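In what follows, a single structure is set out as structure tokens and then discussed.
The values are calculated or read from the model by the stated rules, or taken from the named source; none is laboratory data. The shown structure was predicted, so the numbers you read here are calculated from the model rather than taken from an experiment. Cβ: placed from backbone, ideal geometry, glycine included. Neighbour counts: every protein chain shown.
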Amino acid sequence: MAPSQLLTRGELTRLGALSVADVLRYYSGVQIKDYGGIGGLKTINVRSMGSHHVGVFYDGVQLGNAQNGIIDLGRFSLENMETISVYNGQKSQLLQSARDYASSSALYLRSRRPSFDLGRQHNINVGLRVGSFHTINPSLLWEHRLSPRTDLSLSGEYLYTSGQYPFRYRRKDGYDTTALRHNGDVRALRTELGLYHHRSHGRYTGKLYLYNSERGYPGAVVREEPGLFRNQDRQWDTNLLVQGSMQYEPKGRYQIQVLGKYAYDYLHYISDPRLDGSTMYIDNRYHQHEAYLSVAQLITLDQGWGLALSTDAQYNAVRADLTDFAYPHRAQLLSALSGSYSSPQLSIQTSLLHTLVRDATKHDAPQWRSIVSPSIVASWQPWVNRGLSLRAFYKHIFRLPTLSDLYYTFIGNKLLNPEYTVQYNVGAVWRRSYTSTPLRTLELQADAYYNRVRDKIVAMPTSNQFRWTMLNFGLVDIVGLDLSASATIQLASLRLMPRLSYTYQQASEHTDTTSPWYGGQIPYVPWHAGSVTVGTDWQRWVWSYSFIYTGERYHSVANLQEFHIQPWYTHDLSLSYTWQLSSLKLVGTLEVNNLLNQQYEVVKSYPMPGTNFRLKLNAIF
């Protein structure tokens, strides 16, 4: 019922993207903040409400970062990804965790689940991708059937890139010149182990995820002399995730889902002024621990009615080697009561989420918060079997201040309030299937929306210009329109799959009516953005073309010419061919990104790569 966008594994493969962040650029209403190159931080922003308002879920369990609330999507590869979906509001189903209700929008990453041809006991996929900027990316997937009801999956990959690419910039004297992006190297190793068991009335899943990386941050291009962009910041990450799920569906009207997770995240960040004189010395280590348990229960009643209750418990703790660090920890209890009614023409779902939070530190007394958040989603088909569905939703939700917002040394403010959002959405979707024409499927979607973000958490200067603090200060009103269309066209053995998306957004800053910048477009939100992709299958060939356009923006709420950012666009191509050699299948793929060598910046002073190539070979047996 709620607006959603989904890409399956076949579509993900055709796009020729390297990470989840690269794929999300094709979704309407979605902005990706990219701080340059493969190693730069990549975050998602849906409908301009901010990255903190997007819940990121991996195989049904939300990923967390209590320290700063940011999930870096650049570390999630597409090698083991089955589907990627984005929901505005929330998923329209009852049997889900309370966390599924607890954000303004949600990104769901679902990894591949083992699937075997008749008589086979294992699948092996060995891949190697090489490309520009000294990129090398070997990968391995091994799946084995332990018993008729139990499967095992092991996947892993290694990524290295120097991240060195040329870019153009304008010097202070007005002359254009070329420099080389430095300190953008990445070394990353990902390993995943999955165990899957299914019975007639239930499914059980266990997963171990380990990610280890070292990367450089090339920094902003702000200096005037070529060859002096020497940012030497380094970061080391270790992420360990152990999670499990159980979904039990006995004969009858009762279902239960149980989710559990333990996560450990280690981050080491260093900035050395002996290597880069523009920085202060930083050598910090952070340790995060998270434990999570969720129980969701569903009762299906007569005549299309359903009732569900979800309860989640979560605990987070952060340790660091900073002077006077507060050693904060947070305990949360979330309870969601939801109900639904469904008939052939009308579907309605309502929910009420209660969040109880206890924040504490090593020295301060605990702080308690109790917040209730309602939502309602509805869908109506005026005519049965005509393919047209009208939809609407309302949601009032919030995001908690991160532990850094509250307790970070010198800038934290433990009196911060949550940041609230209110969303209104009306839209329509039309789907039709055909059998007697070359046009086999057609889907059109349109959604208009209004969002308000209040008590926005921002960094504000104090009486000491070198010391800032976090305050609830911002108010933003967002009006937008999302349009998308997709089709499948069959011409003999040729299949075409075009897909288009367009977004219009006016995100106005309405904090201070006396400010000369009142009503200005907030930073990095374009008025217009869109994408076009065309996938083609013909015999053993697969071809894909994609185009992305992002319109003019400003990198400050002061919409002045000096803060203006030019529109940018890119063209990408992907071509693959499959060889079938007895039981061995070989797939070769050539990817060309930024075909016209567009020089552009997603974030001001963080130049993106020009034309680059990747060649990939997969052996499947």
Segment 536-552, residues that are in a strand (DSSP E or B) and either among the polar types (S, T, N, Q) or more than 14 Å from R25 (Cβ to Cβ) (or both): T536, D537, W538, W541, V542, W543, S544, Y545, S546, T550
Residue ID - farthest from R399 (Cα to Cα), chosen from residues in segment 471-515 that are assigned to a loop (DSSP other than H, G, I, E, B) and among the β-branched types (V, I, T): T514
First in segment 214-227 and closer than 15 Å to P607 by Cα and among the hydrophobic types (A, V, I, L, M, F, W, C), second anywhere and at pLDDT 80 or above and surrounded by 12 or more Cβ atoms within 10 Å (Cβ to Cβ), Cβ under 7 Å, 6 or more apart: A220/S605; A220/Y606; V221/S605; V221/P607; V222/S605
Matching residues, segment 409-432, being free of Cβ contacts under 8 Å to residues at least 40 places away in the same chain and not β-branched (V, I, T): L415, Y420, Y424
Cross-chain or 6+ apart pairs with Cβ under 8 Å, segment 581-602 first and assigned to a strand (DSSP E or B), then of a type in the set (D, E): E591/D572; V592/D572; N593/D572; V602/D34
Candidates I397, I376, I411 - the one that is β-branched (V, I, T) and touching a Leu at 6+ places or on another chain (Cβ under 9 Å): I397
Options L6, L12: the member that is under 27 Å from L496 (Cβ atoms) and at pLDDT below 90: L12
Flag if R129 is in a strand (DSSP E or B), within 30 Å of N594 (Cβ to Cβ) and modelled with pLDDT under 95: no
Near pairs, Cβ below 8 angstrom, 6+ apart or cross-chain, from segment 365-394 (under 30 Å from H354 (Cα atoms)) to any residue that is charged (D, E, K, R) and part of a loop (DSSP other than H, G, I, E, B): Q367/K414
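How many of the residues making up segment 382-416 are under 24 Å from G69 (Cα atoms) and surrounded by 14 or more Cβ atoms within 10 Å (Cβ to Cβ)?
Pass one, segment 382-416, residues under 24 Å from G69 (Cα atoms): 395-416.
From the residues that got through so far, the ones that are surrounded by 14 or more Cβ atoms within 10 Å (Cβ to Cβ) too are 395-408, 411-414, 416.
Final tally of qualifying residues: 19.
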Identity of the residue in segment 516-525, assigned to a loop (DSSP other than H, G, I, E, B) and free of Cβ contacts under 8 Å to residues at least 60 places away in the same chain, that ends up farthest from the chain's Cα centre (by Cα): P516
Restricting segment 490-510 to residues that are touching a residue at least 40 places away in the same chain (Cβ under 8 Å) and of a type in the set (S, T, N, Q), the residue that is surrounded by the most Cβ atoms within 10 Å (Cβ to Cβ): T503
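For the structure I just gave you, tell me whether V525 is within 22 Å of T611 (Cβ to Cβ) and either out of contact with any helix residue (DSSP H, G or I) (no Cβ under 6 Å at 6 or more places or on another chain) or buried (at least 20 other Cβ atoms within 10 Å of the Cβ) (or both).
Details: within 22 Å of T611 (Cβ to Cβ): no; either out of contact with any helix residue (DSSP H, G or I) (no Cβ under 6 Å at 6 or more places or on another chain) or buried (at least 20 other Cβ atoms within 10 Å of the Cβ) (or both): yes.
No: the conditions fail for V525.
Looking for whichever is out of contact with any helix residue (DSSP H, G or I) (no Cβ under 8 Å at 6 or more places or on another chain), modelled with pLDDT under 95 and not small (G, A, S) here; the options are I270, I299. Which one fits? Spell out how you get there, then give the answer.
Values: I299 fails: modelled with pLDDT under 95.
The conditions single out I270.
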Answer residue from segment 452-468, given it is surrounded by 15 or more Cβ atoms within 10 Å (Cβ to Cβ) and touching a Pro at 6+ places or on another chain (Cβ under 9 Å) and is modelled with the highest pLDDT among those: D455
Residues of segment 572-594 classified as over 25 Å from the mean Cα position of the chain (by Cα) and under 16 Å from Y549 (Cα atoms), total: 0
